[in-house]
Structure formats: structure tokens, C-alpha cells
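The values are calculated or read from the model by the stated rules, or taken from the named source; none is laboratory data. A quick note: this is a predicted structure, and the numbers were derived from the prediction, not measured. Glycine also receives a Cβ, built like all others from the backbone with ideal geometry; neighbour counts cover every protein chain displayed. Quick note on the areas: whole protein, heavy atoms, side chains included, nothing else; ligands and nucleic acids left out. Shrake-Rupley method; radii C 1.70, N 1.55, O 1.52, S 1.80 Å.
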Amino acid sequence: MTERDKPVLSIDCRGVVELVTDYLEGGLPPQLTAEVEAHLALCDGCQSYLEQMRRTIDELGRVPVETLSPEAQQELVATFRTFRGVQRS
Amino acid sequence: MARDLRTNAPVPAPRMSVHVEDELLEKLRAGEDSVFAEIVRAWSPVMMRVARFHVSTEASAEEVVQETWLAVIRGLDAFEGRSTVRTWVFRILTNLAKTRGVREARTVPMATLSSGDEADGVVDPDRFRGPDDEWPGHWTSTGAPTSWPTPESSVLGAEVRDRVAAALSVLPERQRVVVTLRDVHGLDSDEVCSALQISPANQRVLLHRGRAQVRAQLEDYYRGREREPQP
């Protein structure tokens, strides 16, 4: 069977969904990447799925985070000054 | 942009490279306190997350992060610069956090934690056509994802953010930690693997399953909004 005889969609949607993370990570072998892209070009549902996954990653980047209190941060900077000598320009 | 929970001040994402690395080390050694303050501000949130994975309380995690920065201040001259400053800081952090975790008897190796990664697919199988269909394994007409509206208002944006935070909080621990470090804090996969001491393949599986669940929650949210009568 030559390349041309292969069915157009060699991976089904169920398969694409499971490959999405590897695809976004750039971790798929070139042949599989090409197959995923061929599928995406023809499949609205999977295109939406991929787009939703990108939106999800985007939204995750906006989740609030915990950090050190401002006081603790100031204290560390004060310690830095003491240890490393104050640099005033 | 991420925000500090306590002050609601924007927190720069740690993925932002604060300075070119060699400049960074040079400036720190020269005692430039504003540069030190900047990396403390930029890296502490993700350091809290990594520490919290190894120790049992938030307070304990905070102490580990403070200890790490003190070790950085003391170690600046001895640091040979064979890795980036950031990698060096994270190595100190991981060591201190693990030591403390052992002392607190929070010895939970990744392998024994519930991973929630035993299930088959990340999407409900009913949304795909059955084996007897002309197109087996493809989306059914009602199962296919549709595009989401673009967030048009800040109110909606806040709702979405709450929904995402809630979805994240109910993930199995291993998935939650990996998704948080990768997508909330912007670490790359190598950094996550070394901070948590897991294999790249394992990291990818946890990321895949965790992200898929957050996506599903967002999809529920947007579908719910579609069903609401519009005024």
C-alpha cells in the first residue's frame, strides 16, 4: 500500500484526543504529527477540542498563586543587603 | 497574569526571564538588591508550590522557601555557575524541602499517591461513534466539542478563573501538582521532572489527564451558560 492509498483519516477522534498533549508538547514523531495535522485539517470537532485545550492552558496561567508575604520578602532583601553589602548608585 | 492571593498585586509569571543569566549572577554578586528582590518576587510563588509538595503545611513551605533564599545569599560566592542560577536555586529548594518532609514524616513518594491515571480515555466514550458506525471513534453530532465564546467581560473572566481554580483543586494530587507547576507557574517539563523526581513519560501522562479534566469543567461551564435564558 502506498502513502496515497491510505485512508485520509488514519487516526480517529478518540485517538487524536489522547495525543493532544504530546502534540502540544512537540513530543510526537514526525509521521504521527503529520497524521494528527491531517486529521485536524478535516475535523471541526477536533479543531475545537485543540482550541479548547489551548484556552484551558491559557486560563490556568491566570489562576491566583500563593507567595511569600511582603514582610517576608522585605526581610530577605534586608538580609541580602547585610550579607552582600549595600549597593547604592 | 497571576496575582498574589493576599495583596491581589500582580505576580510576574516565573516563566518571565528576569535577566540574562550571566548578568543575573554578576549583579547578585555585586550586591544589587533590586535584582535580588525581583527574583524573590518572581520565583517565590512556584517555589512555594514545589516546597508544599514535599512538606505538610503552607507555613512549613513558606519557611523552606525563606531558608532557600538565605542559603542562596550565603552560597553566591561558592556557586560555580555550572548551571543557571534558577536551576541552582531550585536544587537547593528541593533538597531542603525533601529533608524537611522526611522530618515531618510526609514521606509520600510520588509512586504511592493516587494518580487517577488508571482510567482509559480523557473524554466520555459516549461522545464518540461506536464500532458499528461508518466512522467508528469519531465524534457523534452531539458529542463534538464546539468553540467557546471569547470572554467578553471581566465578570465572565472572573467566573472562568474561579471555575478553573475549582477544577484544579479537585484533581488527584499528582495531576494537580504537575498541572499547577506547568500551566499556572510556567515551569518546563524538565524542571517539573527534576523538582518532583518523576520520569518525562509520567509527567506527560499526569499533565494530559489533569488538563483534560480542567477542560471538561470549563466545557460544562460554557454549556451551562448556553442553556441559561439570555435576558
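Scanning residues 5 or more positions from B:TRP139 or on other chains, those with amide H under 5 Å from its amide H are A:CYS13, B:ARG129, with H placed 1.01 Å from N in the peptide plane. State the percentage of accessible surface on segment B:146-205 attributable to carbon and sulfur atoms; use a 1.4 Å probe and exclude ligands, DNA and RNA. Whole-percent figure for carbon plus sulfur exposure: 51.
Is any residue of segment B:126-150 close enough, with backbone N under 18 Å, to a label point placed 7 angstrom from the Cα of B:ARG225 along the Cα-Cβ axis, and if so, which? Output list for this probe position: B:145-150. Solvent-accessible surface, computed for protein heavy atoms with a probe of 1.4 Å, shrinks by 50 Å² or more for the following residues of segment B:35-50 when the other protein chains are added to the isolated chain: B:PHE36. Within segment B:185-208, the residues that become at least 50 Å² less accessible when every protein chain is included than when their own chain is isolated (1.4 Å probe; DNA, RNA and ligands ignored) are B:ARG204, B:HIS208. Taking 22 Å as R0, compute the FRET efficiency from the Cβ-Cβ separation of B:SER194 and A:GLU71 and round it to 0.05. Efficiency, rounded to the nearest 0.05: 0.10. Taking label points 7 Å from Cα along the Cα-to-Cβ direction, A:GLU18 and B:GLU173 give a separation of 2.8 nm. Our coupling estimate for segment B:212-218, obtained by passing each phi through the Karplus curve with A = 6.51, B = -1.76, C = 1.60 and θ = phi - 60°, is 4, 6, 5, 4, 4, 5, 5 Hz, Gly and Pro reported as x. For chain A, the longest principal axis of the C-alpha atoms and the axis of helix A:44-60 are separated by about 10°.
Association of chains A and B removes close to 5300 square angstrom of accessible area from solvent, both sides included, for a probe radius of 1.4 Å. Going from the isolated chain to the complete set of protein chains, segment B:131-151 loses at least 30 Å² of heavy-atom accessible area (1.4 Å probe) at B:GLY137, B:HIS138, B:TRP139, B:PRO145, B:TRP148. Mean sequence separation of contacting Cα pairs (under 8 Å, at least six apart), scaled by the length of chain A, corresponds to a relative contact order of 25 percent.
Over chain A, accessible surface divided per residue gives 55 Å², non-protein components excluded, 1.4 Å probe.
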